1. Calculate, for the chain, the solvent-accessible area per residue in square angstrom, rolling a 1.4 angstrom probe over the heavy atoms of the protein chains.
2. Mind checking the full-extension length gain between Phe15 and Tyr56? Use 0.36 nm per residue of separation minus the Cα-Cα distance, one decimal, nm.
3. How high is the relative contact order of segment 118-166? Use alpha-carbon pairs under 8 Å, at least six apart in sequence, and give a whole percent.
4. Taking 8 Å as the Cα distance limit and 6 or more residues as the minimum spacing, I'd like the relative contact order of segment 92-202 as a percentage.
5. Between exposed chymotrypsin sites (Phe, Trp or Tyr not before Pro) in the chain, where DSSP calls loop and at most 16 other Cβ atoms lie within 10 Å, what's the longest gap?
6. Once you keep just the Cα pairs under 8 angstrom separated by 6 or more residues, what percentage relative contact order results for the chain?
7. Counting only protein heavy atoms, what percent of the accessible surface of the chain is carbon or sulfur at a 1.4 Å probe?
8. Would you mind checking the pairs Lys120/Lys216; Lys63/Lys120; Lys49/Lys98; Lys55/Lys212; Lys49/Lys154; Lys49/Lys209 and listing those with alpha carbons more than 26 angstrom apart?
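The values are calculated or read from the model by the stated rules, or taken from the named source; none is laboratory data. Since we're looking at a predicted model, the values are computed, not measured. For neighbour counting, all protein chains shown are included, and Cβ atoms are generated from backbone atoms with ideal geometry for every residue, glycine included. All accessible areas refer to the heavy atoms of the entire protein, side chains included, with ligands and DNA or RNA removed. Shrake-Rupley method; radii C 1.70, N 1.55, O 1.52, S 1.80 Å.
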Amino acid sequence: HLALAKSFQKVASHFDKSRILGLTATPRASKQRSLMEFFDVLVEPRTLKDLIEQKYLAPLVIKNIPINIQVNNSTKGGDFTEEDCAYAIQPYLAELAKAVKEHGAGRCSLIYLPLISISKEFTELLNGLGVKAAHVDGEMTEKQQAKIQLDLEKGDIECVCCSMLWTVGINVRPVNMICNLRLTSSWTLFVQICGRGTRTYDPAKHGVKGTKWGLKHECVLLDPLWNCENHSL
């Protein structure tokens, strides 16, 4: 989905005699451009629905929360700014933390927030409610991040809060609840976030030693900002 970027195009032009195969879980380019500007043939795609029905991915259960949060301003490359999102949700953080506790009981959860400072604040609120939560950000060492990931995979903590750090390139298979508190107009970003919870998980096959998490039956998308409806998930 980044094939139209100038940096990738520069590399591709260097290997102008090569055949290039593109694979992505989010087959849309930014700015409404078509990936077929670069690729010649489109292999028949498999949708999220297809892969769930074929049991390659875990089913998704969408839960909305009746909290009226309005984010009116935007624009950073056409998306909502982190500051606007943070300003909109900050008055509701305590209420949202209670909702995470209610719907996330017994679940392995990832919470996405607009700013590192808001993620830290939300983590404190969850711990104050008796939810074992941790925060991760890019200022931490890889060793610190790996420790938090292992704690989550084992069930020593119940959820991890972050801003954008664990959006791509992370695979925690037991995750069976995603709460996205970072409003986005980007379909690609939203699907990447949801994708953190779509892996199937059987502790006998995938579990780390001593894990407390059982077999995953589905992933709950806790969606107080109605992202699922906006992006027709």
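1. Per residue, the chain has 58 Å² of solvent-accessible surface.
2. 11.4 nm is the gain from fully extending Phe15 to Tyr56.
3. 47 percent
4. Computed over segment 92-202, the figure is 33 percent.
5. Between the exposed loop sites, the longest stretch runs 57-225.
6. Value for the chain: 24 percent.
7. Whole-percent figure for carbon plus sulfur exposure: 53.
8. Lys120/Lys216; Lys49/Lys98; Lys49/Lys154; Lys49/Lys209
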